[in-house]
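Chemist: The structure under discussion is supplied below as structure tokens; questions concerning it will follow.
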Amino acid sequence: MEQKTVIKAENVSMCFTLASEKFDNFKDYVIKMIKKQVSYDEFWALSDVSFEVKQGDSLGLIGLNGSGKSTMLKTIAGVLKPTKGTVVIDGTVAPLIELGAGFDADLTAEENVYLNGALLGYDRKQMEAAYQDIVEFSELQEFMHTPVKNFSSGMVSRLAFAIATIGTPDILICDEVLSVGDFHFQEKCEQRIQRMIDAGTTILFVSHSIQQVKKICNKIVWLDHGHVKMQGDAEAVCEQYSHS
Ligand SMILES: Nc1ncnc2c1ncn2[C@@H]1O[C@H](COP(=O)(O)OP(=O)(O)O)[C@@H](O)[C@H]1O
Ligand SMILES: [Mg+2]
């Protein structure tokens, strides 16, 4: 049976503009702007990136730091709009991009569960139903009434991962989320991701660990300075990548 396409990225380019000089103050900036002395540097973080992801595939993005992986994931999550090209998505997306970014540090873990749930589009009833599972999965039973500002980064990511994976989204985006936390928790996360793959969720996955990518992904897009260097079956691309 023909698998349906759930993500189609076509000629995606992303340009960031940065003022090329520093200004001492805002007045200085305004004066230079009026005199048209402000210049901008353009930086293309992605150039002409195209790929398709079929339902049930797990696609890994690999490449050195700064090659554009997070930028690409953000255009898929709808956080960034590409300067050129298009990204078409068919289905619901659960983005695990900056884990815990939606938390309020002064609120307790429990309050953050409801706050974060609301941000992800769940109502209070749905969150009440999921609450026990979140507490158990994150193993933070004794800390649910503690303000999140007292949490270690590992605890924050455990809680954020547990919240973000309560449903079965059509597409799950994981950007370096398995690099935090201890080994035991990483294993649990991998198992949960594997379960979601088995249930038909499409995964977009980025990790420092090429071993993890090999374990989880069947397809890979290799980015190099914002260009697609190679794409295809995980094994073939990893083989080339390990010789680069
Ligand atoms: N908001 C931004 N403004 C300017 N430059 C950015 C921005 N976001 C990312 N970049 C730059 O784009 C390049 C790609 O970044 P990123 O997508 O985070 O790479 P990766 O995730 O592969 O490490 C980097 O050089 C980074 O500095
Ligand atoms: Mg990144």
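Chemist: Can you tell me which residues in the stretch 29-77 are of a type in the set (Gly, Ala, Ser) and either surrounded by 18 or more Cβ atoms within 10 Å (Cβ to Cβ) or under 22 Å from LYS219 (Cα atoms) (or both)?
Modeler: First pass over the stretch 29-77, keeping only residues of a type in the set (Gly, Ala, Ser): 39, 45, 47, 50, 56, 58, 60, 63, 66-68, 70, 77.
Once the filter is applied, which keeps residues that are of a type in the set (Gly, Ala, Ser) and either surrounded by 18 or more Cβ atoms within 10 Å (Cβ to Cβ) or under 22 Å from LYS219 (Cα atoms) (or both), the stretch 29-77 yields ALA45, SER47, SER50, GLY56, SER58, GLY60, GLY63, GLY66, SER67, GLY68, SER70, ALA77.
Chemist: In addition: Does at least one position in the stretch 131-154 carry a residue that is closer than 24 Å to LYS69 by Cβ and within 21 Å of the chain's Cα centre (by Cα)?
Modeler: Quick first cut of the stretch 131-154, residues closer than 24 Å to LYS69 by Cβ only: 153-154.
Checking which are within 21 Å of the chain's Cα centre (by Cα) leaves us with 153-154.
Yes: one or more hits.
Chemist: Separate question: Pick from the stretch 177-198 the residues that are in contact (Cβ under 8 Å) with a residue 40 or more places away in the chain and within 16 Å of ligand 1 (Cβ to nearest atom): which of them is surrounded by the fewest Cβ atoms within 10 Å (Cβ to Cβ)?
Modeler: VAL180
Chemist: Condition first: closer than 12 Å to LYS188 by Cβ and free of Cβ contacts under 8 Å to residues at least 40 places away in the same chain. Now tell me which residues in the stretch 135-166 satisfy that.
Modeler: Listed by number, the residues that qualify are GLU136, SER138, ARG158, ALA162.
Chemist: Consider LEU73 against the criteria (1) within 16 Å of ligand 2 (Cβ to nearest atom); (2) in contact (Cβ under 8 Å) with a residue 40 or more places away in the chain; (3) out of contact with any Leu (no Cβ under 8 Å at 6 or more places or on another chain): it satisfies all of them except one. Which criterion is unmet?
Modeler: For LEU73, the failing item is (3).
Chemist: Examine the stretch 146-165 for a residue that is surrounded by 20 or more Cβ atoms within 10 Å (Cβ to Cβ), closer than 26 Å to LYS4 by Cα and within 16 Å of ligand 1 (Cβ to nearest atom), and state whether such a residue exists.
Modeler: No, because not a single residue in the stretch 146-165 is surrounded by 20 or more Cβ atoms within 10 Å (Cβ to Cβ), closer than 26 Å to LYS4 by Cα and within 16 Å of ligand 1 (Cβ to nearest atom).
Where a number appears in this text, it was derived from the coordinates with a stated rule and is not lab data. If you're wondering where the values come from, they're calculated on a predicted model, not measured in any experiment. Note that each Cβ is placed from the backbone with ideal geometry, even for glycine, and that neighbours are counted across all protein chains shown.
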